[in-house]
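Contents: one structure, followed by commentary.
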Amino acid sequence: MIKGKLIGLRAIEINDLEFLKNWRNNAEFRKNFREVRELNSVNQDSWFNKINSSPNDFMFTIIRLEDNKPIGACGLLYINWIIRSADFSFYIGIEDYYIDNLGLAKESAELLIKYGFNNLNLNKIWMELYEFDTKKLDFFKNHFSFKIDGKLRDNSFEDGRYFNSYIISLILSEYNK
């Protein structure tokens, strides 16, 4: 387990799957994910088996250390070991926070970013965020100095409209400053 002061990141267990499925199926969360369809238990089990057998995906359940309660999920996915980059996946599911103001999201993201750079030897951590996902865009740009690498025009369809998406990233040399 990767431990912080309030938060721990541990490997996802079978017992976590129901929490994760329910959080992922939250309509307010789901619109921000690339996988927009509602997930069932078969989808969730298939994903769990894929993640556990992949050397390029590191997914974690975010737990509150005081009671070991799952509160969210995060991961470094689609790792490209040649260019040392990973797609950053992240949300706080408990209480429908998504990104909270209690410091849980900040500590969780810090732990995962540190793990990616210092343990996995990554050079770049990136994510794709839709323009309406201002909580995550502001959070990662303001708290962690993620930079916008590019814009994909009309790359999401939500509520009858097309939206742009942004690729944002943090590079090791920027993290070390």
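The table below gives the values:
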{"quantity": "Any hit, segment 67-74, residues being surrounded by fewer than 19 Cβ atoms within 10 Å (Cβ to Cβ), more than 16 Å from the chain's Cα centre (by Cα) and at pLDDT below 90", "calculated": "no"}
{"quantity": "Residue in segment 79-87 that is in a helix (DSSP H, G or I) and surrounded by fewer than 19 Cβ atoms within 10 Å (Cβ to Cβ) present", "calculated": "no"}
{"quantity": "Members of segment 97-126 that are touching a residue at least 60 places away in the same chain (Cβ under 8 Å), in a helix (DSSP H, G or I) and either more than 15 Å from the chain's Cα centre (by Cα) or closer than 15 Å to L65 by Cβ (or both)", "calculated": "L104, E107, S108, E110, L111"}
{"quantity": "Per-region count, segment 151-177, residues within 21 Å of the chain's Cα centre (by Cα) and farther than 22 Å from I125 by Cα", "calculated": "3"}
{"quantity": "Among the residues listed as F19, F60, F33, F48, the single one being surrounded by 13 or more Cβ atoms within 10 Å (Cβ to Cβ), in a loop (DSSP other than H, G, I, E, B), of a type outside the set (S, T, Y) and out of contact with any Phe, Trp or Tyr (no Cβ under 8 Å at 6 or more places or on another chain)", "calculated": "F33"}
{"quantity": "Residue that is farthest from I168 (Cα to Cα) [pool: residues in segment 96-142 that are in contact with a Phe, Trp or Tyr (Cβ under 9 Å, 6 or more places away or on another chain) and among the β-branched types (V, I, T)]", "calculated": "I99"}
{"quantity": "Residue count, segment 133-148 (criterion: over 27 Å from I2 (Cα atoms) and either at pLDDT below 95 or more than 18 Å from the chain's Cα centre (by Cα) (or both))", "calculated": "2"}
{"quantity": "Filter result (among the hydrophobic types (A, V, I, L, M, F, W, C), assigned to a helix (DSSP H, G or I) and within 16 Å of N164 (Cβ to Cβ)) within segment 127-148", "calculated": "L137"}
{"quantity": "Among (1) in contact (Cβ under 8 Å) with a residue 60 or more places away in the chain; (2) touching a helix residue (DSSP H, G or I) at 6+ places or on another chain (Cβ under 9 Å); (3) surrounded by fewer than 17 Cβ atoms within 10 Å (Cβ to Cβ), the one test that I148 misses", "calculated": "(1)"}
{"quantity": "Test: A11 is buried (at least 18 other Cβ atoms within 10 Å of the Cβ) and either of a type in the set (D, E, K, R) or at negative phi (or both)", "calculated": "no"}
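The values are calculated or read from the model by the stated rules, or taken from the named source; none is laboratory data. Only a predicted model underlies this, so the values are computations on that prediction, with no experimental measurement involved. Every residue, glycine as well, gets a Cβ built from its backbone with ideal geometry; the counts of neighbours run over all protein chains shown.
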